Protein chains: 2
Amino acid sequence: MKKLINNPNHVVDEMISGYIKAHPNHVKLLEENKRSIVTAKPTIEGKVGVLIGGGSGHEPAFMGYVGDGMADAVAVGNIFASPPPDPILEATRVIDKGEGVLYIYGNYAGDVMNFGMAADLADLEYGIEVGTVLVTDDVASAPIEEKEKRRGIAGEFFITKVAGAASEKGYKLNELVSVANKANDYTRSMGVGLTPCSLPQTGQPSFELGEDEMEIGLGHHGEPGVEKGKLQTADEVTERLVQDILTDMPISSGEKVVVLVNGLGSTTKMELYIMFNKVNEMLKEKGINLHRSYVGDYSTSLEMGGASVSIMKLDDELAELIDHSADCPMFVQK
Amino acid sequence: MKKLINNPNHVVDEMISGYIKAHPNHVKLLEENKRSIVTAKPTIEGKVGVLIGGGSGHEPAFMGYVGDGMADAVAVGNIFASPPPDPILEATRVIDKGEGVLYIYGNYAGDVMNFGMAADLADLEYGIEVGTVLVTDDVASAPIEEKEKRRGIAGEFFITKVAGAASEKGYKLNELVSVANKANDYTRSMGVGLTPCSLPQTGQPSFELGEDEMEIGLGHHGEPGVEKGKLQTADEVTERLVQDILTDMPISSGEKVVVLVNGLGSTTKMELYIMFNKVNEMLKEKGINLHRSYVGDYSTSLEMGGASVSIMKLDDELAELIDHSADCPMFVQK
């Protein structure tokens, strides 16, 4: 696939360089590590730090979500690969204000290992307390009985939003871990893949599907889904995704939710809003109260074609945190 | 190409329906016309109305830019087709507060005809004064001697941003026309196309290019560009685009600019930031002062692959208007 790049081995570093230069009032690169990006805003004393990260290629996730009301720092890995412990550790040291740091990351073996190692080192080397929330929103990736095996996908946006807002509101580390875990427990996502992306270094498609096929539950690095079949209409696909979510996490009439219809890269906003239309109709039929909606590219897989639906159930605490303002290079909420 | 849609004939109406339901605090549909979307916020008395519009398929343009600090209304056409006069006229009537309405649209025959007709009817039928700014930022579409023949592309974002801010600051209609025309005079864009999009109704690619080809200056509906050739590196392509802009509109060392690196649909944010990196380097070398940067999908062509660079020269007035806050469903600036 054609790409506007220079050297395939330098895409991540060049992206970071452009990003830092485009948004100097928002973000800066740590001198200690060129894969650690931290907020450029003055840090609030006594605030628990929020650190996110993971592989590149999911932009705006995760890099784009550093700023007021979201994360204080991000550790940036290579494409679809976890960052090593170093950039995580360096960022931890810089954003810690004595109240500890919360790590938010998706449930992938590499991330679990590297963030875990960084957390141990932060404690050992600097005496910094680290809390962790492992994002496991992807319904398709394991049955409910093994929710701890599920992968994290676009729903991580909600968990970051909740934790970022809570940390600004003065939550202590243990309270932050608790509310972020609640956000994860209350969040479910289901995706569909249509067309593959390709890694700059290999140029090979991340998966193969026929000209008229889709794959339900396909992971956002191309991990196998739960069902391949003929491409259906937007309404049929959306109904399937939402139904799977609601079967996994029943939501009663009168309950409040926030919805994200997320594009994987090359799927247009037109298609995402057509899907949202169906999500909205289904929630309305069930008497579920739609508190707020996000539609767009929030967590992509390079130029993959497809979309996901994420739903987070809201209690009053989560609703207030979701409504909190945010100001990041790739996400602003008034 | 695979698309998540229902009936290809209903994509625009279903998109609008989803859009309105996703953002009820921001936008509403006019009862009088289902292709007229207006701001849901209370209108400021005495404010000149700002109306944008054009074909669908360019989302976030134009639909996504209705809200505080941007447009008061949008008239939505079919995919890549101008809206007819009706939705323009109805929206004009609703957003006029006695001070007149400014129309902003790209220089395409259909838009010129339909917005022109709506302006005449607004005057004749309702006595509403309408001012117009025709966006002509695409350097590749005609030589400088015939700038009035140039098409409008992603640079329209700047003109809308400037006019929306100025109207909130209390500019009268003639002042608004004047500052919006200045913004257009000071804006240049150059694009590159890599891969086509396809219209939902035909499924046919919007243009053809070889597996290793790019086209400089390709229009955002697939209009022929100025040069086809082998795909070059991001740095080479960006250098060409920026050089063409600076040749067309010389900018002196010490002058201030705002930059937009815009994705056409399926080009990743990673690639856009890599391109931005080069834009930034070139401006720096020339001593040009980068006041603010936008990088992302601001005006797409469905899932087309490619990007454009837009540069607007800033005097103090334009810089202040660009820095003004905005709050729209698809664009928020603090």
message = Whether any residue in the stretch B:94-114 is more than 20 Å from B:Gly57 (Cβ to Cβ) and among the polar types (S, T, N, Q) is what I want to check.
response = no
Exactly one of A:Val237, A:Val257, A:Val309, A:Val295 is part of a strand (DSSP E or B) and either among the charged types (D, E, K, R) or within 8 Å of another protein chain (Cβ to nearest Cβ) (or both), and that residue is A:Val295
If we ask which residues in the stretch B:6-16 are facing chain A (nearest Cβ under 7 Å) and surrounded by fewer than 22 Cβ atoms within 10 Å (Cβ to Cβ), their number turns out to be 1
(1) in contact with a helix residue (DSSP H, G or I) (Cβ under 7 Å, 6 or more places away or on another chain); (2) crowded, with 24+ Cβ neighbours inside 10 Å; (3) within 14 Å of another protein chain (Cβ to nearest Cβ) all hold for A:Cys197 apart from (1)
Here is a check on your reading of the model: is A:Ala91 assigned to a strand (DSSP E or B) and of a type in the set (Gly, Ala, Ser)? no
Within the stretch A:202-224, of all residues that are over 20 Å from the mean Cα position of the chain (by Cα) and away from every other protein chain (no Cβ under 13 Å), the one surrounded by the most Cβ atoms within 10 Å (Cβ to Cβ) is A:Phe207
The residue that is farthest from B:Glu168 (Cα to Cα), considering only those in the stretch B:17-68 that are within 14 Å of chain A (Cβ to nearest Cβ), touching a helix residue (DSSP H, G or I) at 6+ places or on another chain (Cβ under 6 Å) and surrounded by fewer than 22 Cβ atoms within 10 Å (Cβ to Cβ), is B:Ser17
Across (1) closer than 24 Å to A:Ala109 by Cβ; (2) away from chain B (no Cβ under 14 Å); (3) surrounded by fewer than 16 Cβ atoms within 10 Å (Cβ to Cβ), A:Glu227 clears everything bar (1)
Counting only residues that are modelled with pLDDT of 95 or more and outside any loop (DSSP other than H, G, I, E, B), the stretch A:200-234 contains a total of 9
So, first residue more than 21 Å from A:Lys41 (Cα to Cα) and in the same structural domain as A:Val258 (by TED's automatic domain parsing) in the stretch A:315-333, second residue of a type outside the set (D, E, K, R) and in a loop (DSSP other than H, G, I, E, B), Cβ within less than 7 Å, six or more apart or across chains; the pairs are A:Leu318/A:Tyr186
For the stretch B:278-291 the number of residues that are part of a loop (DSSP other than H, G, I, E, B) and either facing chain A (nearest Cβ under 10 Å) or polar (S, T, N, Q) (or both) is 0
(request) Inspect the stretch A:118-128 for any residue being closer than 26 Å to A:Gly219 by Cα and in contact with a strand residue (DSSP E or B) (Cβ under 6 Å, 6 or more places away or on another chain) and give the result as yes or no. (result) no
A:Gly64: passes all of (1) in contact (Cβ under 8 Å) with a residue 40 or more places away in the chain; (2) in contact with a Leu (Cβ under 9 Å, 6 or more places away or on another chain) but (2)
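Residue-by-condition table, conditions (1) crowded, with 20+ Cβ neighbours inside 10 Å; (2) more than 10 Å from every other protein chain (Cβ to nearest Cβ); (3) hydrophobic (A, V, I, L, M, F, W, C); (4) under 17 Å from A:Gly305 (Cα atoms):
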{"site": "B:Asn262", "(1), (2), (3), (4)": "yes, yes, no, no"}
{"site": "B:Thr267", "(1), (2), (3), (4)": "yes, no, no, yes"}
{"site": "B:Leu272", "(1), (2), (3), (4)": "yes, no, yes, no"}
{"site": "B:Phe276", "(1), (2), (3), (4)": "yes, no, yes, no"}
{"site": "B:Ser299", "(1), (2), (3), (4)": "yes, yes, no, no"}
All conditions in (1) surrounded by fewer than 23 Cβ atoms within 10 Å (Cβ to Cβ); (2) of a type in the set (Val, Ile, Thr); (3) assigned to a loop (DSSP other than H, G, I, E, B) are true of A:Thr247 except (3)
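Could you tell me whether any residue of the stretch B:118-130 is under 18 Å from the mean Cα position of the chain (by Cα), modelled with pLDDT of 95 or more and under 30 Å from B:Asp323 (Cβ atoms)? Walk me through it before giving the result.
Pass one, the stretch B:118-130, residues under 18 Å from the mean Cα position of the chain (by Cα): none.
No.
The values are calculated or read from the model by the stated rules, or taken from the named source; none is laboratory data. In this text the structure is predicted, and so the values were computed from the model without any measurement. Positions of Cβ are generated from backbone atoms using ideal geometry, with glycine treated the same way; all protein chains shown enter the neighbour counts.
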